Amino acid sequence: MCARQKKEAWERKPERKLITSKFAERKRTMEWKQIFADAIFAAMKKTALEKKVMYSLIEHPKHEQHGDLAFPCFQLAKHLRKAPNKIAEELAANLSNSYIEKAEAVGPYVNVFFHKATAGRDILTEILSEQGEYGSSKQRGKGKVVIDFSSPNIAKPFSMGHLRSTVIGQALANLAEKNGYQAVKINHLGDWGTQFGKLMAAYKKWGDERELKAQPISTLLKLYVRFHEEAENNPKLLAEGRQWFQRLETKDREAEALWRWFRDESIKAFEKVYQLLGITFDAVQGESFYNDRMSAVVKELEDKHLLEESDGAKVVQAGDDMPPCLIQKTDGTTLYATRDLAAALYRKQEYDFASCMYVVGGEQQLHFQQLFAVLEKMGYSWAGDLVHVPFGLILKDGKKMSTRKGKIIFLERVIQEAIDKAKKNILEKNPQLPDIGEVAEQVGVGAVIFHDLKNERMGNVEFNVNHMLTFEGETGPYVQYTAARAQTLLEKARLKEGGSAAEMETVTMVDEEAWEVIKLLEQFPSEVVRAYESLEPSVIAKYLVRLSQAFNSYYGKVKILSGDAMERSRLAVAGSVIIVLKEGLRLLNIQSPQKM
Ligand code: ARG
């Protein structure tokens, strides 16, 4: 058959017409990898490997000619004591499933080709009927997942590290929900500790009320930096700071009033960032929230004979491979770890979580290891449900950024810069666009969030505003733009059809050029699972880039508004791509402008 004949045969093939409303009554189409794993399992004469294992071995071949999915037979060969090539041949010969058109043995691999018309049509129909629910877990009620994230420290600017925690945490919350859990988002604000004593001492010495009211965060930061600079030559200052903190812990009126003031001003400043990023919390329970739960924790540790004296301080041995966990200082004040113990106990009692995640930089690894170990020693079996979700550093010119020395970049400014740049872009390319301000905000913020989430969580990210503000290549705006472009197509078609959108959701046939796009669309639900299981939002970000690239190349190859029999199906491809891109962006907490 020549290419043209093949194409014609292809276009003639689909006879069955599936309407979305009918589809809704059917069970979800199974995932292709699962279909393949089932088929291999059935083709085997005796059970040598579990189906789960076979599923995990299935690969997506790099080259089209190697099929849609491939199964390597090496592991089976070991179990069956047979040559992998021989097994591949046997399996290929016996494999059968109505979705699978062809199975081929190539060396030690079984390559399968799906029936493009049937499999493709069913996927599109499924997406169009489920809309944003496509890829959502069908199981409900698997419990609550507490996610402790963002958690900036008051009286300090919202750092780049906190930005990472914020965007990763929010994405994990969205992914948890998509996977059937109920997410509980908690901001464990750093609003207690010795640093507030230092700030109070500094404010009393050098502070100016008017300045602080006008520029709270930068003024507090300046005081903090000055305190540390002067303390280097004047150790008496440190003692003063400690005294102020003790006054705070013993509920001294003046100390409390200052603390509350610093806290309120800081929260107002953080709120601006959260609003820009579209972040909300179910609870803001900072370190100070646990003040009246501290003595109970210390007492429980004592009752369980875990507390030890060490140079006047109180510690718990966390394990042979770790230094002891500091619970109470010599002066009786409690510590970060003690507050985290109280927080964990409180959360278990309040939310009865299935798991509790802490989205906090990798430099706090030891802290969380100690925390989990101490809870285990206290006899709480659920300590195993606590997970530290670390992430890499943000580097500036290859070095870690530090607040102490005042080297800090104001996040709000970075986001504002991104928005301004997006606005400039739009004004150049599409000055007629309605709601330019709103779209610019969605694009600018999307660029900042995506820039972070496309990196694997543990990788260090070089802080570079120019990179953050790049809108071409593998970026959030590129994905947003792809969705908006597809949207425009659909609108044009709707105008042509007199606005009958429902009609377009009828998939009658599928064109061959769309196959790469369809294969990717099919993978979305399993990518949602993979992203959550590995706690890795970058899985979704990378997937969205691949899908955008595939769709843009499809768009370049075929005329979608072709006016012929294929138009509907091509629109169904475009419509499905919009749904999945939007939903993927939503999981990353990025909005999709209708037009841009
Ligand atoms: N405020 C801390 C910091 O900025 C992060 C808190 C993380 N959460 C926790 N439960 N320890 O380093």
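Within the set LEU175, LEU128, LEU163, LEU124, the sole residue that is under 28 Å from TYR274 (Cβ atoms) and away from the ligand (no atom under 16 Å from the Cβ) turns out to be LEU175. The condition of being modelled with pLDDT of 95 or more, touching a strand residue (DSSP E or B) at 6+ places or on another chain (Cβ under 9 Å) and within 14 Å of the ligand (Cβ to nearest atom) does not hold for ALA354. Flag: ALA313 does not match the condition of being at negative phi, surrounded by 14 or more Cβ atoms within 10 Å (Cβ to Cβ) and within 16 Å of the ligand (Cβ to nearest atom). Inside segment 171-203, residues that are modelled with pLDDT under 95, in a helix (DSSP H, G or I) and surrounded by fewer than 23 Cβ atoms within 10 Å (Cβ to Cβ) make up a count of 2. Being within 21 Å of LEU585 (Cα to Cα) and of a type outside the set (A, V, I, L, M, F, W, C) is the requirement here; does LYS144 meet it? In short, no.
Within segment 140-154, being assigned to a loop (DSSP other than H, G, I, E, B), within 16 Å of the ligand (Cβ to nearest atom) and surrounded by fewer than 24 Cβ atoms within 10 Å (Cβ to Cβ) holds for one residue alone: SER151.
Residue-by-condition table, conditions (1) at pLDDT 90 or above; (2) outside any strand (DSSP E or B); (3) within 12 Å of the ligand (Cβ to nearest atom):
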| position | (1), (2), (3) |
| --- | --- |
| GLU350 | yes, yes, no |
| TYR358 | yes, no, yes |
| LEU366 | yes, yes, no |
| GLN369 | yes, yes, no |
| LYS405 | no, yes, no |
| ILE408 | no, yes, no |
| GLU412 | no, yes, no |
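Considering (1) outside any helix (DSSP H, G or I); (2) modelled with pLDDT of 95 or more; (3) not charged (D, E, K, R), the lone condition that ILE168 does not fulfil carries the number (1). Across segment 45-70, the qualifying residues are those that are closer than 12 Å to PHE113 by Cα and touching a helix residue (DSSP H, G or I) at 6+ places or on another chain (Cβ under 7 Å), and the one among them that is surrounded by the fewest Cβ atoms within 10 Å (Cβ to Cβ) is LEU69.
The values are calculated or read from the model by the stated rules, or taken from the named source; none is laboratory data. What you see is a predicted model, and the numbers here were worked out from it, not measured in a lab. Backbone-built Cβ (ideal geometry, glycine too); neighbour counts: all protein chains shown.
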